[in-house]
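Asks: Dropping a structure here in structure tokens format, bear with me for questions.
The values are calculated or read from the model by the stated rules, or taken from the named source; none is laboratory data. Please read these numbers as outputs of a predicted model, since none were measured by experiment. All Cβ positions, even for glycine, are placed from backbone atoms using ideal geometry, and neighbour counts span all protein chains on display. Surface areas here come from the heavy atoms of the whole protein model, side chains and all, with no ligands, DNA or RNA. Shrake-Rupley method; radii C 1.70, N 1.55, O 1.52, S 1.80 Å.
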Amino acid sequence: MPVAQPREVSEQEFVDFLSDLFWGAFRKAPFEVLCGVLRVSGMQDADWDPLEESKAAFEDYNALLRLDEATLSKAGRWRIGLLMYCQAVEMTAPQEFLANLLRVLSGENYHIKPFGSLGRTNKKKAFSWVPPSAPVKYRELKRLATTCTQSALCDYIDQFFNEDIRNAFS
């Protein structure tokens, strides 16, 4: 039996979906959504913000991609693209923001760590905690999306997240 190919999604279609998701949640619970936008989380260490670091990294990667072909090979461009993909699929801030939008649409409140219950302890180290992996978080996002009748997000995740590519490169 042939495998169905995912349909092509335009950037505008995805932007419109995210806009509808955001405004639907905002109309339902504006304070909760604003907590998500502001990434309210409590104390932060030494001005370190993983989202800001990721944005800076993408600026650096894009600068490398602008190098001429004598400086950066075609294979080098692919490597940088794969590195960018892996960083994008691993970024926690967008995943947490989506999780909180879906939580609000389901009638729940903003949660500082919406994936916190999905982590696990490290059996080799006392009092240690291993955060959930990207596949675990995307499965949870799909579960939340289905719960609040936003199953289109499941299709978008399936088109964006490819665990085989992520694992092969990482």
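Asks: Using only Cα atoms, tell me the angle between helix 92-105 and the longest principal axis of the chain; keep it within 0 to 90° and round to the nearest 10.
Replies: On a 0 to 90 degree scale, this one is about 30.
Asks: Still on this structure, I have one more. Note the angle between two axes, namely the Cα long axis of helix 50-65 and the longest principal axis of the Cα atoms of the chain, as a number of degrees from 0 to 90, rounded to the nearest 10.
Replies: Rounded to the nearest ten degrees, it is 20.
Asks: Another question about this same structure. Accessible area per residue of the stretch 100-140 at 1.4 Å probe, in Å²?
Replies: 64
Asks: Using label points projected 7 Å from each Cα along Cα→Cβ, tell me how many nm separate Phe17 and Arg143, to one decimal.
Replies: 2.1
Asks: Using helices alone, I'd like the mean residue ellipticity at 222 nm for the chain: each DSSP H run of four-plus residues gives -39500 (n - 2.57), total over residue count, nearest 500.
Replies: Details: 8 runs with 104 residues, N = 170.
Value at 222 nm, helices only: -19500 deg cm²/dmol.
Asks: For the stretch 28-86 and the stretch 91-170, write down the distance between their C-alpha centroids in whole Å.
Replies: 18
Asks: In degrees from 0 to 90, rounded to the nearest 10, what is the angle of the helix 11-28 Cα long axis to the longest principal axis of the chain?
Replies: Helix 11-28 and the main axis of the chain meet at about 20 degrees.
Asks: Report, in debye and to the nearest 20, how large the dipole of the chain comes out about its Cα centre when Lys and Arg carry +1 and Asp and Glu carry -1 on their Cβ.
Replies: On the way: 20 positive and 23 negative charges, 166 e Å.
With Lys and Arg at +1 and Asp and Glu at -1, about 800 debye.
Asks: Would you mind calculating the relative contact order of the chain from Cα pairs under 8 angstrom and at least 6 residues apart, reporting the percent as a whole number?
Replies: Details: 117 pairs, mean separation 38.6, N = 170.
Relative contact order here is 23 percent.
Asks: Beyond 25 Å between alpha-carbons counts as too far, so tell me which of Lys55/Lys125; Lys28/Lys142; Lys55/Lys137 fall in that bin. Intermediate values should be presented prior to the final figure.
Replies: Details: Lys55/Lys125 32 Å; Lys28/Lys142 21 Å; Lys55/Lys137 21 Å.
Going by Cα-Cα distance, Lys55/Lys125 fall outside the 25 Å limit.
Asks: Out of the stretch 38-138, which trypsin sites (Lys or Arg not before Pro) are coil in DSSP terms and have no more than 10 other C-beta atoms within 10 Å?
Replies: Working: sites: Arg39, Lys55, Arg66, Lys74, Arg77, Arg79, Arg103, Arg120, Lys123, Lys124, Lys125, Lys137; in loops: Arg39, Arg66, Lys123, Lys124, Lys125.
Those satisfying the criteria are Arg66, Lys123, Lys124, Lys125.
Asks: Connecting C-alpha atoms closer than 10 Å in a GNM of the chain, tell me which of Leu67, Leu83, Leu98 has the biggest fluctuation.
Replies: Taking springs between Cα atoms under 10 Å, the residue moving most is Leu67.
Asks: Can you sort Arg27, Arg143 by solvent-accessible area, 1.4 Å probe, largest first?
Replies: Values: Arg27 175, Arg143 125 Å².
The ranking, largest first, comes out as Arg27, Arg143.
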